[in-house]
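Following: one structure in structure tokens, then a few remarks.
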């Protein structure tokens, strides 16, 4: 029992020593904010730890001086975003205040500064600056400026959550900031179209529209089918067209190999008496012909994006290759030359090749996934 008690006390002392050293090391490395928060947390358990209290007091003083020095520097800056920087410094100082405040005995000794009023003041100023920047961007009346304005009004909400004026402006500029992309149906003009394949299954147009509508890659990009755009009278900013520039379904390639087998078998057996049998042997031969049949399919889809005037602004190709193979064997010659393993090979059940629909679906799925990834990347880069 005493041994357990001594072990518990020793473990507690080691833990306390490690905690103190950890805060001290952070302090020695100049990581004053972290040192304050860690020391305050440990002092909640033992507010009488003199060394830890000393570390906290010194770390807080240096942290306060560092943050105030940066605040004075930012106040002299001509950058219009300086109020955000000042606000962030006060956020850090208030976090230190809150950490110490949670330990009443330590709070009464250190007496940290409460920066609640500073937070309110600079939160307002930072939000106001962002709002004015948004209004300034709106004056340019082009799509990129409207997008910049939207982001500025969005930033206002970081400082003024639920601000009605900012929300109204976001709604106002969004319709001008968004790019409506209409996906036109695939045409047969000199190419191939995925329509007759996979009856009852979504075609490539539908797959792309569904995937891109769920995640366009940018908040400012919307995708519509041609029918949807017409019925809802959507303004078309860009047109996305697709065409299979090549397609080869189920081309068969056979590769044959021949293996000769020989076995010595009994061709005649003469019985003179029960214990006297004379057997005559002869060699028999057979050829085992194994065919490796491979079906190879490939397709290439070309995706083109045009502006509202029909000018091509981007194009890319996406391809897929699908391969299926099987082996089957037959023999010529004397069946007696075959081993049991050879017979099993010859009698093995033949595999049936996939249908054109199945091969096409595999390729369409791969092409669709790659095209969606490529389109998202393109629109993300250009929005």
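The values are calculated or read from the model by the stated rules, or taken from the named source; none is laboratory data. What you see is a predicted model; the values in this text were computed from it and never measured. All Cβ positions, glycine included, derive from the backbone under ideal geometry; neighbour counts span all protein chains shown.
Does residue 237 satisfy the condition of being assigned by TED's automatic domain parsing to the domain that holds residue 302 and surrounded by 10 or more Cβ atoms within 10 Å (Cβ to Cβ)? Step through it out loud before you land on a result.
Details: assigned by TED's automatic domain parsing to the domain that holds residue 302: yes; surrounded by 10 or more Cβ atoms within 10 Å (Cβ to Cβ): yes.
Against the criterion (assigned by TED's automatic domain parsing to the domain that holds residue 302 and surrounded by 10 or more Cβ atoms within 10 Å (Cβ to Cβ)), residue 237 qualifies.
Which condition number does residue 239 fail, the rest of (1) farther than 17 Å from residue 379 by Cβ; (2) modelled with pLDDT of 85 or more being met?
Checking residue 239 against (1) farther than 17 Å from residue 379 by Cβ; (2) modelled with pLDDT of 85 or more, the one that fails is (1).
Is it true that some residue in the stretch 275-287 is without any contact (Cβ under 8 Å) to a residue 60 or more places away in the chain, outside any strand (DSSP E or B) and assigned by TED's automatic domain parsing to the domain that holds residue 221? Lay out the reasoning, then the answer.
To start, the set of residues in the stretch 275-287 that are without any contact (Cβ under 8 Å) to a residue 60 or more places away in the chain comprises 275-287.
Restricting the remaining residues to those that are outside any strand (DSSP E or B) gives 275.
Those still in the list that are assigned by TED's automatic domain parsing to the domain that holds residue 221 too: 275.
Yes, some residue in the stretch 275-287 is without any contact (Cβ under 8 Å) to a residue 60 or more places away in the chain, outside any strand (DSSP E or B) and assigned by TED's automatic domain parsing to the domain that holds residue 221.
Go through the stretch 192-225 and report how many residues are modelled with pLDDT of 80 or more and surrounded by fewer than 17 Cβ atoms within 10 Å (Cβ to Cβ).
Filtering the stretch 192-225 for residues modelled with pLDDT of 80 or more gives 206-225.
Now narrow it down to the ones that are surrounded by fewer than 17 Cβ atoms within 10 Å (Cβ to Cβ): 206, 210, 213-215, 219.
Result for the stretch 192-225: 6.
Which residue, of 293, 349, 312, is farther than 23 Å from residue 208 by Cα and surrounded by fewer than 12 Cβ atoms within 10 Å (Cβ to Cβ)? Steps first, please.
Working: 293 fails: surrounded by fewer than 12 Cβ atoms within 10 Å (Cβ to Cβ); 312 fails: farther than 23 Å from residue 208 by Cα.
Sole residue among the options that is farther than 23 Å from residue 208 by Cα and surrounded by fewer than 12 Cβ atoms within 10 Å (Cβ to Cβ): 349.
If a residue has to be without any contact (Cβ under 8 Å) to a residue 12 or more places away in the chain and not in a strand (DSSP E or B) to count, how many in the stretch 288-317 make the cut?
Result for the stretch 288-317: 2.
Each row is one residue, and each column tells you yes or no for (1) assigned to a helix (DSSP H, G or I); (2) more than 30 Å from residue 49 (Cα to Cα); (3) over 38 Å from the mean Cα position of the chain (by Cα).
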residue: 72; (1), (2), (3): yes, yes, yes
residue: 80; (1), (2), (3): no, yes, no
residue: 89; (1), (2), (3): yes, no, no
residue: 109; (1), (2), (3): yes, no, yes
residue: 123; (1), (2), (3): yes, yes, no
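Within the stretch 250-261, is even one residue at pLDDT below 85, surrounded by 13 or more Cβ atoms within 10 Å (Cβ to Cβ), in the same structural domain as residue 336 (by TED's automatic domain parsing) and closer than 28 Å to residue 362 by Cα?
yes
From the residues in the stretch 125-146 that are assigned to a helix (DSSP H, G or I) and modelled with pLDDT under 95, which one is nearest to the chain's Cα centre (by Cα)?
We begin by selecting, within the stretch 125-146, every residue assigned to a helix (DSSP H, G or I); these are 125-138, 143-146.
Applying the additional criterion that residues be modelled with pLDDT under 95 yields 143-144.
Details: 143: 28, 144: 26 Å.
Once the filter is applied, the top-ranked residue is 144.
State which residue is surrounded by the fewest Cβ atoms within 10 Å (Cβ to Cβ) when the search covers only the stretch 352-381 and only residues that are farther than 16 Å from residue 299 by Cβ and touching a strand residue (DSSP E or B) at 6+ places or on another chain (Cβ under 8 Å).
This residue is 353.
Only one of (1) surrounded by 20 or more Cβ atoms within 10 Å (Cβ to Cβ); (2) within 20 Å of residue 219 (Cβ to Cβ); (3) at pLDDT below 95 fails for residue 153. Which number is that?
(3)
Picking from 216, 231, which residue would you name as being under 19 Å from the mean Cα position of the chain (by Cα) and at negative phi? Spell out the reasoning first.
Values: 231 fails: under 19 Å from the mean Cα position of the chain (by Cα).
Just one listed residue meets the conditions, 216.
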